[in-house]
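Shown next, in structure tokens, is the structure this report addresses.
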Amino acid sequence: MRKYLFLILFSCWHVCADNNINIATGEYPPFTGSQLVDDGFVNHIIRLAFATQGMQVSFVYLPWKRSFHAAKLGQFDMASYWVCESEYQTHFYCSDEIYQGELKMYFRKETPLPNWETLKDLQPYRIGATLGYEYVPEFHKAIKNDELDVLMVSNDQLNLNMLLNNRVDLILLNETVMETLLKEQFSTEYQKLLKAHPKPFLKYRAQVLFPKVLEGSPKLRQTFNLGLQQLKESGELSKQWQRMI
């Protein structure tokens, strides 16, 4: 009887483990965040997509670089969320697109930016950026080669503070993230001081990553993509996007 009970408990644990997905993520309100309703838009979409397939998720919040490397080593089933750069595909399978976004260049209205075409046009400016964010490979290469004057900080609020205090000339942020920061952390007077350059710094496709070191990643990606497609077809993804906005 005791042996039989043990087998039942072991079987239950195994099923529960298979149906609970551990996900490495970071703080990026309103898209992801431990203090946000439903963990933010992207993480909520992940939860809903897996729920359509009868699966549950758990999010672990880490600094972005750490979350990426932990997932890469197979310590988590997934990493939420990233742009699927070509160099990442050596170590990860990439999901279907969750949403399309833009990074914009924000500056103080008193010091407007001219039109720009390449990164070389930004060499005269002090640029604020956030540690662990992707941007584009050319941007990181330019920093490494001392071709751009970039000050890296640990989070977006510090980045915005630097811009408002004239420590940098421009910062790179998603428009929705900027609106959230200004609304929650700054008065309307500060909001009037800033402007976005009309040309996006980067257009990107938001995705989640599945580590290749884990044998079950191809199947898990397929399961997630199926759930995500159901959310798109039902209109639920669009509904959740409008809810966030």
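A few points about this structure:
- Picking from residues in the range 158-168 that are surrounded by fewer than 20 Cβ atoms within 10 Å (Cβ to Cβ) and either without any contact (Cβ under 8 Å) to a residue 40 or more places away in the chain or acidic (Asp, Glu) (or both), the one that is nearest to residue 133 (Cα to Cα) is 158.
- Helices (runs of 4 or more DSSP H) lying entirely in the range 174-245 (those with 3 or more residues that are surrounded by 15 or more Cβ atoms within 10 Å (Cβ to Cβ)): 175-185, 217-234, 236-244
- On the stretch given as the range 104-132, residues that are open to solvent by 20 Å² or more (accessible area, probe 1.4 Å), modelled with pLDDT of 90 or more and within 24 Å of residue 66 (Cα to Cα) total 0.
- Members of the range 121-141 that are under 16 Å from residue 170 (Cα atoms) and hydrophobic (A, V, I, L, M, F, W, C): 122, 127, 129, 131, 139
- Every condition in (1) at pLDDT below 95; (2) in contact with a Gly (Cβ under 8 Å, 6 or more places away or on another chain) holds for residue 53 except the one numbered (1).
- Among the criteria (1) acidic (Asp, Glu); (2) over 21 Å from residue 83 (Cα atoms); (3) open to solvent by 60 Å² or more (accessible area, probe 1.4 Å), the one residue 27 does not fulfil is (2).
- Verdict on residue 70 being surrounded by 19 or more Cβ atoms within 10 Å (Cβ to Cβ) and either within 29 Å of residue 195 (Cβ to Cβ) or aliphatic (A, V, I, L, M) (or both): no
- Residue, nearest to residue 122 (Cα to Cα), within the range 84-111, restricted to residues that are aliphatic (A, V, I, L, M) and assigned to a strand (DSSP E or B): 105
- Selection from the range 16-34 of residues that are farther than 21 Å from residue 239 by Cα and part of a loop (DSSP other than H, G, I, E, B): 19, 26, 27, 34
- For the condition in contact (Cβ under 8 Å) with a residue 24 or more places away in the chain and either open to solvent by 70 Å² or more (accessible area, probe 1.4 Å) or under 30 Å from residue 219 (Cα atoms) (or both), residue 55 qualifies.
The values are calculated or read from the model by the stated rules, or taken from the named source; none is laboratory data. Computed from a prediction, not measured in an experiment: that's the story for all the values here. Every residue, glycine among them, receives a Cβ derived from its backbone with ideal geometry; neighbour counts consider all protein chains shown. Note: accessible area is taken over every heavy atom of the protein model, side chains too, but ligands, DNA and RNA are not part of it. Shrake-Rupley method; radii C 1.70, N 1.55, O 1.52, S 1.80 Å.
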